[in-house]
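The values are calculated or read from the model by the stated rules, or taken from the named source; none is laboratory data. None of these values were measured; they are calculated from a predicted model. Here the Cβ is made from the backbone with ideal geometry for all residues, glycine too, and neighbour counts use every protein chain on show.
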Amino acid sequence: MSGTRQGARRWWALGFIALAQFMVIMDTSIIGVALPRMQTDLGFSPGGLSWVFNAYVITLAGLLLLGGRLSDLLGARRVFAAGWAVLLGGSVVAALAGTAWVELVGRVLQGAGSALIAPSALTLLMMLFGNSPKELGRALSLYGAAAPAGGTAGVFLGGVITQWLSWPWVFWLYVPIAALALVVTPLLMPAGPRGRGSVDVVGAGAVTGGLALAVLGVVQAPQVGWGSPRTIGVLAAALVLLGGFVAVQRTRREPLVRLGILRTPNLGAANLAQALLGAAWIPMWYFLNLYLQQVLGYGAFASGAALLPMTLLIVVLMVGVAPRLIARFGAKALIVGGLLALAAGLVWLSFARPTGNFAVDVLPASLVAALGQALAFIPSLGTAIGSARPEEGGLAAGLVNTSYQIGSALGLAAMTAVGVSFGAGSVGHPVALTHGFAAAFLGAAGVAVAGAVLAAATLRTPRAVAEPAAA
């Protein structure tokens with residue numbers, strides 16, 4: 001009986017780990033529909049409004065490695081709980097904000113909390129299920145399905161909340177969930193070991209600043225120009241900080257990132273696949289939502305509902321199908337095939353018409369793209385985590401989360417620049433908008449194809465994701 005209770009407790013714990021991933025990703029999308037009303041109420045300038053999104057993503061991406069290192073040193077359960085506490089505080093600040101700068105402070109705190117939650121959640125998952133390859137595959141599938149579900153649910157819930165309540169409720173939503181997570185974490189999550197060592201503060205500052213400046217440079221480049229002194233200066237500063245980070249890691253006795261981990265077979269290749277997967281998928285989701293609203297004339301609620309078929313397909317495939325396919329064909333085949341399927345769906349979307357409709361121009365192509373995302377995400381995630389040493393599980397989780405988030409941010413910024421240059425900024429002109437969106441879809445397809453080629457060339461063995469984890 002005790003074994004049965006213990007088994008049930010593990011799956012309840014997995015539910016909250018998946019919920020954590022769901023909430024982290026949802027926080028990047030739920031504010032999209034609410035931005036116009038936030039601009040009016042808080043006095044954001046047109047250029048400053050994008051920082052409601054960027055402040056969260058940049059903080060999240062920049063602090064993920066530190067979150068993974070803290071998980072290894074302090075224990076994943078402690079860091080997981082601390083992340084929920086910070087996220088709760090940031091949500092309250094963001095909901096109560098009466099000025100633009102207070103809103104951005106809240107978003108930065110939300111990003112910092114999520115940067116603690118994401119890698120510690122993956123570490124807890126490996127602690128709970130790492131000894132059973134079959135159960136690990138199922139657990140990773142559920143965890144992986146929570147990411148696209150969170151992204152789509154954010155658009156849907158953001159539309160519902162903005163239409164029938166008010167924009168602060170997109171942040172109040174996080175408060176009861178974070179409070180519940182703080183209560184159940186000590187009851188469900190394993191304590192886990194604490195590591196020995198110290199936190200590399202210099203390295204953490206360098207990598208956080210470098211990644212933040214890199215994203216900042218690419219995000220702002222479409223507005224200020226790629227060749228402007230501002231863009232060049234920001235990107236040059238990013239390179240200096242990231243170069244300094246590598247130098248510090250080479251010489252420090254207890255580095256934030258043991259650089260040798262990148263030589264672990266398949267770990268670097270799987271992280272690259274995750275980065276390029278995010279760089280192709282997130283622009284697709286972003287521009288598809290714009291096509292639905294700005295070209296087809298869908299409202300906030302309807303556009304969110306139109307993305308639900310993709311989410312349902314991803315959940316079904318990740319939870320019910322992907323583990324079996326991985327066991328039969330291996331991780332490498334699914335990563336390559338999934339990225340190619342995503343590219344095919346993106347190319348199909350590029351043929352959407354200014355006078356199109358959902359059933360013909362959106363639904364079939366989006367389902368093909370969702371198929372590719374579902375096939376590639378789980379094996380690349382599991383390979384990246386399972387290739388690392390057990391005592392570096394938090395670091396590996398931080399690396400793969402950083403790869404996906406940085407890839408997403410840079411991919412969206414780059415495809416936005418491509419789309420705008422071909423007409424994606426011509427609001428009110430459906431033909432020009434559709435032409436710009438098509439260019440962005442084709443650019444993202446090229447990223448997915450590059451990911452497939454690189455995965456085929458760099459992944460050494462086509463083994464199932466659970467096998468290296470079990471080893």
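Here are the numbers:
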read-out	value
Candidates Pro255, Pro265, filtered to the one that is more than 29 Å from Ser29 (Cβ to Cβ), assigned to a loop (DSSP other than H, G, I, E, B) and in the same structural domain as Ser426 (by TED's automatic domain parsing)	Pro265
Odd one out for Gly68, checked against (1) within 17 Å of the chain's Cα centre (by Cα); (2) surrounded by fewer than 21 Cβ atoms within 10 Å (Cβ to Cβ); (3) more than 26 Å from Phe44 (Cα to Cα)	(2)
Selection status of Gly345, within 19 Å of Leu307 (Cα to Cα) and of a type outside the set (S, T, N, Q)	yes
Close pairs (6 angstrom Cβ cut-off, 6 or more residues apart or separate chains): closer than 9 Å to Phe80 by Cα in the range 114-134, at pLDDT 80 or above and aromatic (Phe, Trp, Tyr) anywhere	Ser120/Phe80
All positions within the range 346-368 that are within 23 Å of the chain's Cα centre (by Cα) and either over 22 Å from Pro430 (Cβ atoms) or not in a helix (DSSP H, G or I) (or both)	Leu367, Val368
Matching residues in the range 247-271 - criterion: being small (Gly, Ala, Ser) and touching a residue at least 40 places away in the same chain (Cβ under 8 Å)	Gly268, Ala269, Ala270
Hey, Phe287 crowded, with 24+ Cβ neighbours inside 10 Å, of a type in the set (Phe, Trp, Tyr) and more than 12 Å from Ala370 (Cβ to Cβ) or not	yes
Which listed residue is crowded, with 23+ Cβ neighbours inside 10 Å, assigned to a helix (DSSP H, G or I), modelled with pLDDT under 80 and within 19 Å of the chain's Cα centre (by Cα), from Ile17, Ile58	Ile58
Options Ala95, Ala146; residue that is of a type outside the set (S, T, N, Q) and either part of a loop (DSSP other than H, G, I, E, B) or surrounded by fewer than 22 Cβ atoms within 10 Å (Cβ to Cβ) (or both)	Ala95
Some residue of the range 165-184 being without any contact (Cβ under 8 Å) to a residue 12 or more places away in the chain, surrounded by fewer than 24 Cβ atoms within 10 Å (Cβ to Cβ) and over 16 Å from Ile17 (Cβ atoms)	yes
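The rows are residues; the columns are (1) buried (at least 22 other Cβ atoms within 10 Å of the Cβ); (2) modelled with pLDDT of 80 or more.
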site	(1), (2)
Val215	yes, no
Gly233	no, yes
Phe245	yes, yes
Gly260	no, no
Thr264	no, no
